[in-house]
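The values are calculated or read from the model by the stated rules, or taken from the named source; none is laboratory data. If you're wondering where the values come from, they're calculated on a predicted model, not measured in any experiment. Neighbour counts are summed over all protein chains in view; Cβ atoms, including those assigned to glycine, are modelled from backbone coordinates with ideal geometry. For the accessible areas, the whole protein counts, side chains as well, though only heavy atoms, and no ligand, DNA or RNA atoms are used. Shrake-Rupley method; radii C 1.70, N 1.55, O 1.52, S 1.80 Å.
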Amino acid sequence: MIKLIRVEQLAPGMYIHDLNCDWTDHDFVRNQFLVSDAQTVMSVREIGVHEIYIDTSRGDDVADAPTEDDRRSELDAALGDIAAAPQPRVQRVSRDVEIQRARRLQGEAEQIVRDLMGDVRIGRQIELEKVEPLVEKIVSSIFRQPDALLPLLHLKDHDDYTFMHSVSVCALLTSFARTLELPREVIKEISIGALLHDVGKAKVPDGILNKPAKLTEAEFDKMKSHVVQSKLILQHTPGISEIALDVAAQHHERYDGTGYPNKLKGSEISLYGQMGAIVDVYDAITSNRVYHKGMPPTQALRKLLEWSKYHFDPKLVHAFIRSVGIYPSGSLVRLESGKLAVVQAQNSEHLLQPTVLVMFDALRRCYVPPHLLDLAKSSNVIIEHEDFDKWQIDPERWIAAG
């Protein structure tokens, strides 16, 4: 049985099922392992987790600990409350109109970030005049119709992760800031910071960035140094704003003070740094890497909600979830009818009832003629998120279809 325990309860002889934190926050090669000695217990505590999941069928038990199913029921109830809260009406253009423009923008953005990282690697200064027009296009696309660009961000090649992660964080943070109804000029600066938040990785050797095995302590420290490097690079970038700088310099800080590089706590982290941290984690844990399989978006939202007890401001996590939806566009979901569908567009007034593209029969395990279904106008409902790999469905074919 999988149970949730406080990290203070961890002891040798227990089997860790899930470290219950963003995988970029630790250098354990695995997320599941037997705790063999007191030193391992100390190492787990040092990564800053407060609660972890243990497997009592493979190690020692804690009698009164809640089960994984208990915690999941709590989180699903919280997601339901977020979905039920009144949502602001947002005017959007047709998704079909925006999607072709979004596809071109995605390719342009990846190339610009690739070129920018290459310039930084050889010591060239970032020129904001090359960045600002791209950011303005991303902001405008999100304002017109976020369900066009955001789903495309799920389609990352792990070889291009560093570049596409920056683009994804930029678009997601733009949508997040819009949900918070921040002024557009502030949103633009947040988005610039998001696009540039990982420029310091240009100073990290590729062998460390893409290592398909456990990093040594020295390598992990070098990886974490990218935050300081990003700050230094941007401080020497003419025209950079404090808002953009906060996003880049604080996106690995945590609300409880367990983050890095400065272990800032609570209000010591700016609003923009807190927002950046939430989005950075969400995109990281939903992305496939050579050594890490991303989790489905809705599962990732549950994790953010769970971690908001310590690592993030819960109110901001709730706002982020509202910005992407309970079942984010591009998600694979199972309907009550037994069909699988890919979420195409959010219904801002009914977050549990997006428009989906029905395309697969899970009971007969075969494709069906694809058709759009607005769940707000249907008796059919979403039962759960699904995994594309589990059903051997190519997401490239169905995400942002149109």
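Just a few scattered comments:
- The criterion of at least 3 residues that are within 19 Å of the chain's Cα centre (by Cα) and either polar (S, T, N, Q) or within 26 Å of Ile52 (Cβ to Cβ) (or both) is met, among helices (runs of 4 or more DSSP H) falling completely within segment 217-318, by 271-286, 297-307.
- Residue match in segment 59-80 (condition: buried (at least 17 other Cβ atoms within 10 Å of the Cβ), of a type in the set (Val, Ile, Thr) and not in a helix (DSSP H, G or I)): no
- Residues that are in contact with a helix residue (DSSP H, G or I) (Cβ under 6 Å, 6 or more places away or on another chain), more than 15 Å from Leu195 (Cβ to Cβ) and surrounded by fewer than 20 Cβ atoms within 10 Å (Cβ to Cβ), drawn from segment 232-282: Tyr260, Pro261, Ser270
- Residue count for segment 178-191, restricted to those that are closer than 26 Å to Glu129 by Cβ and within 18 Å of the chain's Cα centre (by Cα): 3
Listed here are the residues, each with its yes/no results for (1) surrounded by fewer than 20 Cβ atoms within 10 Å (Cβ to Cβ); (2) in contact (Cβ under 8 Å) with a residue 60 or more places away in the chain; (3) among the aliphatic types (A, V, I, L, M).
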residue	(1), (2), (3)
Tyr327	no, no, no
Val342	no, no, yes
Ser348	yes, yes, no
Asp361	yes, no, no
Ile382	no, no, yes
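- Extreme residue, nearest to the chain's Cα centre (by Cα), among residues of segment 45-58 that are open to solvent by less than 60 Å² (accessible area, probe 1.4 Å) and acidic (Asp, Glu): Glu51
- Verdict on Phe163 being of a type in the set (A, V, I, L, M, F, W, C) and either out of contact with any helix residue (DSSP H, G or I) (no Cβ under 9 Å at 6 or more places or on another chain) or modelled with pLDDT under 95 (or both): yes
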